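Undergrad: A single structure is presented below for examination.
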Amino acid sequence: IIIPLSPLLCFLFLICSKYDHNFKLKAVNLGGWLLTEGWIKPLLFDGIPNKDLLDGTQVQLKSVKHGKYLCAELGGGMIIVANRTSPSGWETFRLWRINETTFNFRVFFNQFIGLDKQGDGITIVAISNTTSKRETFEIVRKADDLNRIRIKAPNGFFLQAKTEVLVTADYEGDTTWGDDDPSVFEMGFTGILQREYQITNGYGPVKASQVMRNHWSTYIVEKDFKFISENGLNTIRIPVGWWIARDPAPPKPYVGGSLQALDNAFTWANKYGLKIIIDLHAAEGSQNQYEHSSSRDGSLEWGKTDKNIQKTVAVIEFLTARYARSPSLYAVELINEPTAPGVSLESLTKYYKAGYAAVRKHSSKAYVVLSNWLSIEDPRELFPLANGLQGSVIDVHYYNLFNSEFDNMTVQENIDFVSMNRTALLNYVTTSNGPLIFVVSIDSPREWVVEWQVKSATKEDYQRFAKAQLDLFGRATFGWAYWTLKNVNNAWSLEWMIKNGYIAL
């Protein structure tokens, strides 16, 4: 099987108007190590009971009797009904896992379903913005068909679709799981999350501590730093989560131990002459709706208050103070991929100024990386801010995933696209007397497998495709970084690519 080589490369571009920069980064990310990403190492999740029902799992529930979906009327704030013929957002519920069988169900506008305490006490509503016993339900699965379920309410009775407009918690007794039973529902899945919150809450505190400490101590070890150093790389970007600053006793469900692993990374980096970029990949409250921000259910809450911003600044100050004296500390990335419009420009600007000051309080040499918004039209949005912050770098992300224009391209057309399109993008963000620029160019090998559609491409074709990218981004004055060192998906693993002759640095 030929694995297409279109690696996820993070390319840094520097205009030397602020610092005299002669060091050229050839970097790799240690993704999936100190911040769990399930797609990188899915085996980590295999020991979790009911592992398909983790925090943030999106489910849709269809009444087998009525053939209709449960729905939060108006998306929340009202009753739950069972009268929708097709599912969409209002018919989708996000799970908050209490234990392997007990959950809260969050609706579209973030309320939780529960028993109506103002009325008869059995009608199911989605009114509360917080969880209590009234909002806690048990999922009972049919032994030979796990997607056929009953939902036990906190009053001891089962939910039933009594009519299409009345869902109550007053069904008693057992079931034969037949289609005539109003307490039986078909559960469908529309999305799952597999990240740090999901794995630690899924295993529970005791088992999670064992699993994570074993992962941290075995997934990345000293010999990996030796391999990195011996294969033409000089820098490592390490994604971390906000709870690392609270080690050894972070808030539940997170577990302690990752800070020692980061300490080890600096020790090994010093030994092998490597630089380190610390990347705050997950901020408290979640700065985007993606799993890698360690959101519990995909909600974006970061930056809503000054208190939340200050908590994140404190994390940056903690990390900088701890490693400022290490010769390996090269840069601190204040936050990864904040998303517009959920994160406002006002909040982001306020945070970047405070975060920059926190770094400079302890280090005058480390670069400070400001990640641009995702989903903005102009990647120069933060230029005025960065121009006033000496030694700052703007991280600009370009996504070409899910783009149909690649469907019928040949190998050479794909190579030409990289050369021409990327050159135009670089020219736009590379301005005279402008800020330092960190451009992230995403050419996902997983998506290229699907969207490139070059079925007959040879290993040599993929090598040429990789070379085209490296030739282009090798001109960058600041350097580039590959995502990631290790991955169960071979084309995402720089280690695999190097060992199997797809990339020669």
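The values are calculated or read from the model by the stated rules, or taken from the named source; none is laboratory data. Not measured: the values here are computed from a predicted model. Cβ coordinates were reconstructed from backbone atoms using ideal geometry, including for glycine residues, and neighbour counts include every protein chain displayed. Just the protein is used for accessible areas: all its heavy atoms, side chains included, with ligands, DNA and RNA removed. Shrake-Rupley method; radii C 1.70, N 1.55, O 1.52, S 1.80 Å.
Undergrad: Tell me, what is the percent relative contact order of the chain, built from C-alpha pairs under 8 Å that lie six or more residues apart?
TA: Computed value for the chain: 22 percent relative contact order.
Undergrad: Can I ask one more? When the helix-only estimate is applied to the chain (DSSP H runs of n ≥ 4, each -39,500 (n - 2.57), divided by the residue count), what is the mean residue ellipticity at 222 nm, nearest 500 deg cm²/dmol?
TA: Working: 11 runs with 134 residues, N = 505.
Theoretical 222 nm ellipticity from helices: -8500 deg cm²/dmol.
Undergrad: Which number gives the lysine pairs in region 57-191 that have C-alpha atoms under 20 Å apart and are eight or more places apart or on different chains?
TA: So the count works out to 15.
Undergrad: While we're looking at this one, here's another question. Need one number: nm distance between label points at Arg464 and Gln118, each 7 Å from Cα along Cα→Cβ, rounded to one decimal.
TA: That separation, rounded to one decimal, is 6.9 nm.
Undergrad: Can you give me the relative contact order of region 57-191 as a percent, contacts being Cα pairs under 8 Å and 6 or more apart? Before the final figure, lay out each step's value.
TA: Numbers: 347 pairs, mean separation 36.8, N = 135.
Here the relative contact order equals 27 percent.
Undergrad: When only DSSP loop residues count, what trypsin sites (Lys or Arg not before Pro) in region 138-224 have their Cβ near at most 16 other Cβ atoms within 10 Å?
TA: none
Undergrad: Can you give the % of DSSP beta bridges in the chain that are antiparallel, to the nearest 5?
TA: 60 percent
Undergrad: With every protein chain in place, what's the accessible area of Glu172 (1.4 Å probe, Å², nearest 10)?
TA: Per-residue accessible area (Glu172): approximately 140 Å².
Undergrad: Next question. Need the list of lysines near Lys353 for cross-linking: C-alpha distance under 29 angstrom, and skip anything on the same chain fewer than eight residues off.
TA: Of all the lysines, those that pass the test against Lys353 - Cα under 29 Å, at least 8 places apart if same chain - are Lys18, Lys24, Lys26, Lys275, Lys304, Lys307, Lys311, Lys361, Lys365.
Undergrad: Which of the helices in the chain meet the span-like rule: DSSP H, Cα axial reach of 20 Å or more, Kyte-Doolittle mean at least 0.0?
TA: In the chain, the long hydrophobic H runs are 411-429.
Undergrad: Now for a separate question. Please calculate how many Å² of accessible area the chain carries per residue, with a 1.4 Å probe and no DNA, RNA or ligand atoms counted.
TA: 40 Å²
Undergrad: Starting from the Cα of Gln210, move 7 Å in the Cα-to-Cβ direction to define the label point; list residues of region 84-128 whose amide nitrogen is under 20 Å from there.
TA: 99-101
Undergrad: Express the carbon and sulfur contribution to the solvent-accessible surface of the chain as a percent, rounded to the nearest whole number, probe 1.4 angstrom.
TA: Working: 10420 of 20420 Å².
That share works out to 51 percent.
Undergrad: Continuing with the same structure: So what's the gap between the Cα centers of region 296-365 and region 123-192, to the nearest angstrom?
TA: Result: 42 Å between the Cα centres.
Undergrad: Which residue, Ile79, Thr131, Phe185, has the largest displacement toward the positive end of the dipole of region 57-191 when charges sit on each Cβ (Lys, Arg +1; Asp, Glu -1)?
TA: Positive-end residue among those listed: Thr131.
Undergrad: Loop-only trypsin sites (Lys or Arg not before Pro) in region 281-334, please: DSSP not H, G, I, E or B, and at most 13 other Cβ atoms within 10 Å.
TA: Passing sites in region 281-334 are Arg325.
Undergrad: Need one number for the chain: average projected area of the convex hull over its C-alpha atoms, nm².
TA: For the chain, averaging the hull's shadow over all directions gives 24.6 nm².
Undergrad: Just name one of Gly114, Asn414, Thr484: the one whose Cα is farthest towards the positive end of the charge dipole of the chain (beta-carbon charges, Lys/Arg +1, Asp/Glu -1).
TA: Farthest towards the positive pole: Thr484.
Undergrad: So if I restrict to the alpha-carbon atoms in region 176-262, what is the Rg, and what is Dmax, the biggest pairwise distance, in Å?
TA: According to the Cα coordinates of region 176-262, Rg and Dmax are 19.9, 67 Å.
Undergrad: Could you give the length gained on full extension between Ser217 and Asn500, defined as 0.36 nm per residue of separation minus the Cα-Cα distance, in nm?
TA: On the way: separation 283, 0.36 × 283 = 101.88 nm, distance 2.55 nm.
Result for the pair: 99.3 nm of gain on full extension.
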